[in-house]
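Please treat every number below as a calculation from the coordinates, not as lab data. The structure displayed is predicted, hence computed values, not measured ones. Note that we place each Cβ from the backbone using ideal geometry, even for glycine, and neighbour counts take in every protein chain shown.
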Amino acid sequence: MKYTNVENIEPGQYLGRTIFSSNGAILLSEGVQLTVYMINTLKRIGVTMLYIKDPYLEDVIIEDVLSEETKRNVMQQMGNTFESIRSGKDFNTRTVSISIDQLLDDVMKNKDVLVQLSDIRTKDNEMYVHATNVCMMSVMIGINLNLSPVQLKELAIGALFHDIGKIELLTDDQSKDIKLHHTWRGFEVIKNKREYSLLIAHVAFQHHETMDGQGLPRKLTSDQIHLYAKIVAVANMYDNLLFDPADGKRMLPHEACEHMMALGSAKLDHEVLIQFLKTISIYPTGTSVRLSTKEIGVVVGQHRGLPARPIIRIVKQESEGNEITIKEMDLAKLTTVFIDQILS
């Protein structure tokens, strides 16, 4: 499969990955042949990147930390939970707990898989995909930090609901009131659930605080911020830099990692950031790249300890005739070859 911009998709190509709605329902199934109408509809609903099947990449497996079933169940539970809150009803913590347990099981089984955030997002599902990704990444960081099973579950619930305060939209005047900031509102929602530890509520409350005391909503300093919130702050920032940056300029994974490292201990907890960087695929499988040799290829494999040195497959048509040559370059072994550019 190849991960590519929707603007580059042509009618007749086959979808490489299923697209889900906000409630976990299937919008388009993997393997469907895309038509002009489908492509235009995908653009209209906010899809920017897609996985497309490629005959020269059929053997390439995109490893995911979470199964599609788990993602679908978590998103469905989030949809039910948020709808209950919008309508003023109590939400079911037991069904949320079951989904969280499923997510934790997946992460524990696949904890050595490098994270690549390549789920297909629409305007409808982006809030749920974001929360699911932040939850998954937070748990992986927590595992690296040797948190206990109880702590991991608390962290996972807090991470999944870190933006729960955004459910209710505010007017411009209301948004100026710091006491109505989504962190405050999220804290109020979660703290009233007797089934949840107050630490879970503080994830929503503190995930926009920064180590230098310049964050929101209370300008807490490093020693005042709970570890769960520090973890979620890192995962939340990474996903936002890739898909919902404040300045509108989306970053590629390697750019986001460099940006976060540049912030250093001023904004993010240093040890949490170090453990996070161990889990990320800087050049996700399926991504097209240009090498320093001027050759163009697709990332087809990863090295856990060397995320910046993936395996590249180059498919080339010879100038004379229709002969196709295929070769792979393992950048972990070819130390003088580098990735020059990511191609959409």
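What do you get for Rg/Rh over segment 288-343 if you use C-alpha atoms and the Kirkwood form of Rh?
Computed over Cα atoms, the ratio is 1.01.
Taking neighbour counts of Cβ atoms within 10 Å as a proxy for exposure, in what order, fewest first, do HIS259, HIS226 appear?
HIS259, HIS226
Which net charge results for the neighbourhood of SER97, defined as the other residues with beta-carbon distances under 10 angstrom from its beta-carbon, given Lys and Arg at +1 and Asp and Glu at -1?
Charge balance near SER97 sits at 0.
Checking the table LYS179/LYS230; LYS191/LYS267; LYS111/LYS230; LYS176/LYS230; LYS166/LYS249; LYS294/LYS327 against a 18 Å threshold on Cα-Cα, which pairs fail?
Checking Cα-Cα distances, LYS179/LYS230; LYS191/LYS267; LYS111/LYS230; LYS176/LYS230; LYS166/LYS249 exceed 18 Å.
Give me the compactness ratio for the chain, meaning the Cα radius of gyration over 2.2 N^0.38 Å.
Here the Cα radius of gyration is 1.03 times the empirical estimate.
Based solely on its DSSP helices, what 222 nm [θ] is calculated for the chain when runs of n ≥ 4 H residues each add -39,500 (n - 2.57) and the sum is averaged over all residues, nearest 500 deg cm²/dmol?
Roughly -12500 deg cm²/dmol at 222 nm, from the helical runs in the chain.
Based only on other Cβ atoms within 10 Å, what is the fewest-to-most ordering of CYS135, CYS257?
The fewest-first ordering by Cβ neighbours comes to CYS257, CYS135.
State the volume of the convex hull built on the alpha-carbon positions of segment 147-216, expressed per residue in Å³ and rounded to an integer.
84 Å³
Given 5 Å bins starting at zero, what is the percent of C-alpha pairs of segment 2-57 in each, up to the one with the largest pair distance?
Taking every Cα pair in segment 2-57, the percentages come to 4, 19, 34, 29, 10, 3, 0.
At q = 0.09, 0.10 Å⁻¹, work out log10 I(q)/I(0) for segment 89-229 with the Debye formula, treating every Cα as an identical point scatterer and leaving solvent out; two decimals please.
-0.28, -0.35
For the chain, build the charge dipole from Cβ charges (+1 Lys, Arg; -1 Asp, Glu) around the Cα centre, then report which of LEU331, ALA156, LEU34 sits farthest towards its positive end.
Value: ALA156.
Cut-off is 10 Å between beta-carbons; in what order do LYS71, LYS89, LYS153 appear when sorted fewest neighbours first?
Sorted ascending by nearby Cβ count, the order is LYS89, LYS153, LYS71.
Sort all Cα-Cα distances of segment 65-160 into consecutive 10 angstrom bins from zero, then give the percent of pairs in each bin up to the one containing the longest distance.
16, 51, 28, 5, 0
Give, as a single signed number, the net charge of other residues whose beta carbon lies under 14 Å from the beta carbon of LEU227, with Lys and Arg counted +1 and Asp and Glu -1.
That works out to -4.
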